[in-house]
Amino acid sequence: VSRYGVDKVLWRLQPAAGRERFLAEPDRVFDGCDLTEQERSALLARDAGTLYRLGAHPFLLWGALFDLAGRAPEYRAEYTRAIAPYGYPDHAT
Amino acid sequence: MASIATIMGVTHSPPLPKLIAADVPAYREVAAAFADMRRRLAAAKPDLILVLGCDHLNQFFMNNMPAFLIGKAPSSLGPFGHEQDRAGMPSYDVAIDQRAARIIIEEGFTQNVDFAFADECVIDHSFTVPLCLLRPEADLPIVPVFSNVMAPPFPPAARFHRVGQALRAVVDRLPAERRVAVLASGHLSTEVGGPRLRAGLSADRPDPAFDKAAMKMFGDGDTDGLLRLATVERMAAAGNVTSAFLNFVMLMGFAGDRPADQSEEIIGSPFLTWQPESAQ
């Protein structure tokens with residue numbers, strides 16, 4: 001598990017340009033980030049539950065996935081359903 | 001010796017400026033409390049606002065994370081574009097008093113606090129929300145103090161309190177004609193990105209018992225109680241980003257552990273005020 005690598009990708013998704021790059025050429029956004037195959041595929045799938053369980057920083061994870069969901073209010077319930085089973089995993093890097 | 005114009009602490013809940021501007025009935029009481037505080041800040045006639053805020057993993061990241069940093073850029077404009085897009089927040093463009101910032105860094109060393117500094121910095125919503133609501137004119141220079149409350153490990157409550165004491169000693173050494181207002185930006189129990197995530201309105205707190213206990217401690221001047229309450233474990237139980245509460249613990253250190261003259265929670269929004277100790 002490489003929490004810092006996942007957080008670094010999520011951090012790069014904050015500016016709109018980073019999200020556009022992620023949609024067009026995700027490998028460019030992953031460049032220089034130490035990721036396992038599981039983390040890489042969870043990021044590509046925007047898999048909130050897996051990323052949360054692996055210890056992604058919740059603030060970064062929610063922000064990035066909410067933005068990628070077009071900030072649709074109904075995404076909130078989908079996100080909390082996905083992460084709820086995992087409680088509060090350690091997210092220290 | 002500079003004088004302290006006033007000491008205040010408020011929330012930086014991102015939706016508030018929009019809710020207040022739209023005159024949403026449920027938030028009128030909060031709007032009135034901010035308006036009252038804005039009038040009191042103006043009446044205190046400060047010429048500098050020292051703002052104790054944080055950065056939400058926007059510019060400071062785990063590749064290089066300062067525990068406490070003084071912004072000493074010529075000016076700062078915030079918040080970040082993605083923050084504005086998420087919550088519809090207004091921007092704030094303000095001068096930084098670089099001379100005061102430098103004195104604070106230099107004198108900090110003599111107080112055993114090694115502040116990091118940044119000659120480029122963006123004030124995120126931690127700074128812009130309180131400043132937009134309390135000094136919308138943006139005509140007073142600030143010195144921003146960025147704390148790490150987001151990326152564990154962050155400093156414990158006792159260190160925030162000690163840094164608040166050090167800042168007070170340092171500010172007292174600013175030139176005699178200066179009138180400094182101190183404004184802490186934080187919040188009570190809060191969850192973002194965890195299972196208790198709510199719609200982002202400050203009314204919906206995850207742990208009202210934490211909030212009530214904390215506000216009473218400020219009103220009682222109970223620093224020991226605050227330090228016992230604001231442990232990593234208890235704050236996490238109250239909500240996964242409750243740690244921005246630590247900026248209020250820093251404020252208590254700045255205020256010299258005196259009971260706050262105002263310690264009021266209105267629909268989840270904390271309002272803290274300490275009047276200056278004497279007519280200076």
Send over the Kirkwood Rh of the range B:22-135, from the inverse of the averaged 1/r over different Cα pairs, rounded to one decimal Å. 15.8
So what are the ³J(HN,Hα) numbers for the range B:206-221, from phi and the Karplus equation (6.51, -1.76, 1.60; θ = phi - 60°), rounded to whole Hz, Gly and Pro as x? x, 8, x, 5, 4, 4, 5, 4, 5, 5, 5, 5, 5, x, 8, x
Using the Cα atoms as the points, what is the convex hull volume per residue of the protein assembly as shown in Å³? 126
Dividing the helical contributions, -39500 (n - 2.57) per DSSP H run of n ≥ 4, by the residues of chain B yields a 222 nm value, nearest 500 deg cm²/dmol, of -11000 deg cm²/dmol
Amide H of A:Ser2 versus every other amide H placed in the peptide plane: which residues, excluding those fewer than 5 positions away on the same chain, fall under 5 Å? A:Thr36
How big is the shadow of the Cα convex hull of chain A, averaged over all directions, in nm²? 5.4
Please give the Cα centre distance for the range B:90-164 versus the range B:1-74, rounded to the nearest Å. 11
Peptide-level mean, for A:52-65, of C-beta atoms on other protein chains within 10 Å: 4
Shielding by partners - mean other protein chain Cβ count within 10 Å, residues of B:76-89: 2
Of all the stretches in chain B, which is the longest one without any exposed loop site, taking GluC sites (Glu not before Pro) in a DSSP loop (any state but H, G, I, E, B) with at most 12 other Cβ atoms within 10 Å? B:1-119
Can you list residues whose amide H is under 5 Å from B:Ile96's amide H, if they're 5+ apart or on another chain and H is modeled 1.01 Å from N? B:Ser75, B:Ser76, B:Ile142
Residue by residue through the range B:98-115, what is 3J(HN,Hα) from phi via Karplus (6.51 cos²θ - 1.76 cosθ + 1.60, θ = phi - 60°)? Round to whole Hz and write x for glycine and proline. 5, 5, 5, 4, 5, 4, 4, 5, 5, 6, x, 4, 6, 9, 6, 10, 8, 5
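Bear in mind these aren't lab numbers, they're just calculated from the coordinates by the rules spelled out. Everything quoted here is computed from the prediction, not taken from an experiment. Neighbour counts are summed over all protein chains in view; Cβ atoms, including those assigned to glycine, are modelled from backbone coordinates with ideal geometry.
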